[in-house]
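Worksheet: one structure, shown below.
The values are calculated or read from the model by the stated rules, or taken from the named source; none is laboratory data. Quick caveat: nothing in here was measured; it's all calculated off a predicted structure. Ideal geometry is used to build each Cβ from the backbone, glycine not excepted, and the neighbour counts take in all protein chains shown. Keep in mind that these areas ignore ligands, DNA and RNA; they rest on the heavy atoms of the full protein, side chains included. Shrake-Rupley method; radii C 1.70, N 1.55, O 1.52, S 1.80 Å.
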Amino acid sequence: IGNSGDIKFKNITFSYPEAQAPALERVNFALKPGHFNVLFGPSGCGKSTILKLVAGLLEPTAGAAIVGGREVGAIGSHAKRLGLAFQNPTMLPWLSILDNVMIPLKIVEPFRQDYRRKRKGEFRERAEALLEQVGLAGFGNKRPWQLSGGMLQRASLCRALVHEPDILLLDEPFGALDQFTREELWDTMQDLWINRRPTVLLVTHDLRESAYLASRICVMSSRPGRIIEDQRVTFARPRTLESSYQPDFTSLVQSLRMSIAEARARLIQMDRRR
Ligand code: ADP
Ligand code: MG
């Protein structure tokens, strides 16, 4: 794979303009290509800010983000290497699902030129194959409003992967779904990752989701956002719902819960002393 899927944070501090305290303070980590990394933590701890720094949508106040061996920002756009999906799958309502999935190929260089020249048919086949893989065969010509929330999120994962990015950034993509649909999507996500092996950075505040999907979990605390724990998850794959009720799985979930509870208790104490 080379190092194109590497993500490194060197001592990053980030403050939003006019904010009283930094959103992130001295954050360091190095993510290896092809791993499934989870950023887990309570609301407001800076998870989305980290994703935006990786994507180059924000610039660090201090420190550096290095993606694929080069500093973000210094390299111009690295959009071709990134796939993105968010909690709200924002499809364009007047385009078919297939055309929505192909959007990155129509706007991101160098795919954009290829799309217009010669590879339209090949790209279409690629998008159709992805839809089939996530259980949406035959839905390519439907409009977004004809699909359920879970189906839209599946399509949004296809869109994030259609240009075969090295890095997949996912910001609470399953957060708005009901429990059953969410658990189905975990399996879909796991299959997609096993087949392609992008470097994933998944943001979530769901404990079971973290343990189910991750090869590594970075636990964050807030004010300022910091990584307080960094844990490998070595359960065999593919993981299944049954395996998520085994003792080793539930004890990992329990220990994550404790880390967060302790971090919150420390914050409450700090607030009392003020
Ligand atoms: P998370 O994704 O973990 O919920 P965020 O990264 O969105 O957290 O936000 C981290 C902190 O920065 C929060 O305290 C939030 O209120 C603050 N923040 C986020 N976006 C902005 C912004 N545009 N301007 C000012 N503060 C912001
Ligand atoms: Mg967020």
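Compare the peptides 146-155, 85-94, 161-170 by average per-residue count of other Cβ atoms within 10 angstrom and give them in order, highest first.
Numbers: 146-155: 19.4, 85-94: 15.9, 161-170: 22.6.
Result, highest mean Cβ count within 10 Å first: 161-170, 146-155, 85-94.
Between 0 and 90 degrees, rounded to the nearest ten: what's the tilt of helix 149-161 against the longest Cα principal axis of the chain?
80
Hey, which of these cross-link pairs are over 26 Å Cα-Cα: Lys120/Lys142; Lys32/Lys120; Lys32/Lys80; Lys10/Lys47? Before the final figure, lay out the partial values.
Details: Lys120/Lys142 19 Å; Lys32/Lys120 33 Å; Lys32/Lys80 19 Å; Lys10/Lys47 16 Å.
As for pairs spanning more than 26 Å Cα to Cα, those are Lys32/Lys120.
Mean separation of Cα pairs under 8 Å and 6+ residues apart, divided by the residue count of the chain: what relative contact order is that in percent? Let's see the in-between values first.
Details: 493 pairs, mean separation 70.2, N = 274.
Computed over the chain, the figure is 26 percent.
If one computes P(r) from the Cα atoms of region 230-274, what percent of pairs lie at distances over 15 Å? Provide the component values of the computation, followed by the final result.
Numbers: 567 of 990 pairs.
Roughly 57 percent, rounded to a whole number.
Can you tell which of Gly46, His78, Leu57 lies farthest toward the positive end of the dipole of region 1-123, using +1 and -1 charges on the Cβ of basic and acidic side chains (Lys, Arg; Asp, Glu)?
Positive-end residue among those listed: His78.
In debye, nearest 20: dipole of the chain around its Cα centre with unit charges on the Cβ of K, R (+) and D, E (-)? Don't skip to the answer; put the middle values down first.
Details: 38 positive and 29 negative charges, 128 e Å.
Roughly 620 debye for the chain.
Per residue, how much accessible area does the chain show when a 1.4 Å probe rolls over the protein heavy atoms, in square angstrom? Could the numbers behind the result be given before it?
Values: 13450 Å² over 274 residues.
Per-residue value: 49 Å².
Of all accessible surface on region 126-274 at a 1.4 Å probe, what whole percent is carbon and sulfur? All intermediate terms of the calculation are to be shown ahead of the outcome.
Working: 3590 of 7050 Å².
Percent of accessible area from carbon and sulfur atoms in region 126-274: 51.
Which distance in nm do the two modelled labels at Ser15 and Glu183 give, with both placed 7 Å along the Cα-to-Cβ direction?
Going by the 7 Å Cα→Cβ label model, 4.6 nm.
Rg and Dmax of the chain over Cα atoms: what are they, in angstrom?
Taking only Cα atoms of the chain, I get Rg and Dmax of 19.1, 66 Å.
On a 0 to 90 degree scale, rounded to 10, what angle separates helix 247-273 from the longest Cα axis of the chain?
Its long axis makes an angle of about 50 degrees.
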